[in-house]
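Engineer: One structure coming up, written as structure tokens, with questions to follow.
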Amino acid sequence: MKPNNHSAWENAVNKHDNPQSSQKKKRKRKTAGTQQEALQESEMDRGPPKKKKREERVRVSNPNIQTHDPYIRRQDGGPSSTLGNRSEAAQDTRLAEAFVRRMRAALPHIPTYNAPMTRAELQAVNSDDELTRVVPIMRKLMDEGKVISCSTRVVDPKTGETLFLYLGERYLDDKTQYKNPEKLGNPQKPFRKALDISQASARKYLVKAVQKAKRDGIKMVHDGFHENTIDAYAKSVQAMAFVNPPQNDQTSNRHGTIPEDGKSFHRFPIAPNVDWTSKPTEAGLQNTRLSRPGRVYSDQPGQGCEPSGVWHFIEGREQIGHHGQGLYLSKDMCANSSSTTAVATMYKNTEIIEANVEAVVKVAFPKLYGDMKAVWSAGQMLERDSGCHIGRAVVYKMPVHPHVDDKDFGITVSFGGGRYTGGWLYIPQFNLVFEYGPRSLSAFFADCIIHSVGDWEAVLMEKNDETTPGRIGTVFYIPYSSAQLLLSFFN
């Protein structure tokens, strides 16, 4: 396979590893009289703000939020509730309220750090130059292996507003459970002081704190999705994918080298007792090479094969070259009648996910939530009760290279689903790396914060598995051009 394009991350790596060629290009730009580049370089030379002394310990308190578990519908063999006997509309309303209460109870107890840069400084940096700068940081994070699983918040050092939020696991530091309660201080006092994330010891401490809590038998809670909720989401996406197979579009260079014919596929291990076929017609193949997602097609012993790609579902997108001439459903939502029905069904079946995402934005980013909700209210075309994003990108079983989404508006929320190992989340500008399993999620300013998902591996597919293994990455976002047009209706 011959590559026909390269990602911005690949260009940044080449630029970092071959500085001589980049210096020649810089000299040419300077002789052409481009003063803006020199100004950006001088801003980068100033370095991060002065480091502040870090507090000696990180206390991760947590109230008892068991009553606000998001998975409170009545299920066969699962938890029951009187809410399960109510109408579907009543259940959806109460669930959305429960998500908000749960987030408000947890947020004050999440370890909080000052970012090394303000939001204004992050937005002023040239994205290509910043990608080159973080190349060695990414390599160090990969080699170091200090991966955070604990919920973490990073705030602007000047304004105090949340820039980045990761929701993962936390431990209850109840004095009655801990072996050395005198070292924890008052467990009822929320965690309020912001520390300096630029110190590498801060990341190491977060890792060790959770490890120690687990060794001491401290009760763990998870601030992200319930496991049944994210499992149902992955099944809904794969069901949609069978009718509406993924494609490669203009963002594909963020996901590795694409074959010459523009098609990519994902291979996964299958157990010997898994039923598979090598016949294109039986596997539902669209051509002689690839099967549709969800069908176990194999052209090699012990390996399944299915298409991979990216969907962009947007309820209100400007057509390219037609600025100011209205908003439309993106092509991935309305390629044909079957795909439109499949996408609408997936949206209906994943309303719980969307309500949870809205609660995160509403509580952690209150200043932006109003405008985002207004955009959603004016732009949504598929009727539902909860949400604050009109765009949803689904990366179906592909890697994600370091990048910024410079055309996003407001807060972007992302998470992974499916069955896989690895897939860590890297935030090199903050010197952070997180476990990014199917229950975790992150919310941040994706237009100026570089992010990527590390290598992952699909688990072995067993005979009774309902879905094929692999990572299904999802991003809830708002296109900037759509937001500007929709917000103008309120002015």
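Coordinate-derived values only; no laboratory data. It should be emphasised that the depicted structure is a prediction, and the values quoted were computed from it without experimental measurement. Don't worry about glycine lacking a Cβ; one is built from the backbone with ideal geometry, like all the others, and counts go over all protein chains shown.
Engineer: Using Cβ counts within 10 Å as a stand-in for footprinting exposure, how do T162, T345 rank, fewest first?
Structural biologist: T345, T162
Engineer: May I ask you to sort D332, D231, D17 by Cβ crowding, counting other Cβ atoms within 10 Å and putting the fewest first?
Structural biologist: In order of increasing Cβ crowding within 10 Å: D17, D231, D332.
Engineer: Just rank V147, V361, fewest to most, by other beta-carbon atoms within 10 angstrom.
Structural biologist: V147, V361
Engineer: Once amide H atoms are built 1.01 Å from N in the peptide plane, which residues 5 or more positions from E306, or in another chain, come under 5 Å H to H?
Structural biologist: H266
Engineer: Per residue, how big is the convex hull of the range 357-491 when only Cα atoms are used? Give it in Å³.
Structural biologist: 122 Å³
Engineer: Using amide H atoms built in the peptide plane, which far-off residues or other-chain residues are under 5 Å from T468 H to H?
Structural biologist: Here G294 satisfy the definition.
Engineer: While we're on this one: Just to confirm the filter: which trypsin sites (Lys or Arg not before Pro) across the range 402-491 are DSSP coil and have at most 13 other Cβ within 10 angstrom of their Cβ?
Structural biologist: Qualifying residues, ordered by number: K407, K463.
Engineer: Which three extents, in whole angstrom, do the alpha-carbon atoms of the range 409-466 cover along their principal axes, largest first?
Structural biologist: 44, 22, 13
Engineer: Taking a threshold of 28 Å on the Cα-Cα distance, which of the pairs K208/K407; K15/K140; K146/K362; K146/K219; K373/K407; K279/K463 fall above it?
Structural biologist: K208/K407; K146/K362
Engineer: Would you please report the Å³ per residue occupied by the convex hull of the alpha carbon atoms in the range 310-401?
Structural biologist: 141 Å³
Engineer: Suppose each label sits 7 Å from its Cα in the direction of the beta carbon; what would the N349-K219 distance come out to in nanometres?
Structural biologist: Result: 3.4 nm between the two label points.
Engineer: Here's something else I'd like to know. Collect residues whose amide H, placed 1.01 Å from N in the peptide plane, falls under 5 Å from the amide H of V400; neighbours closer than 5 in sequence don't count.
Structural biologist: For V400, the qualifying residues are V453.
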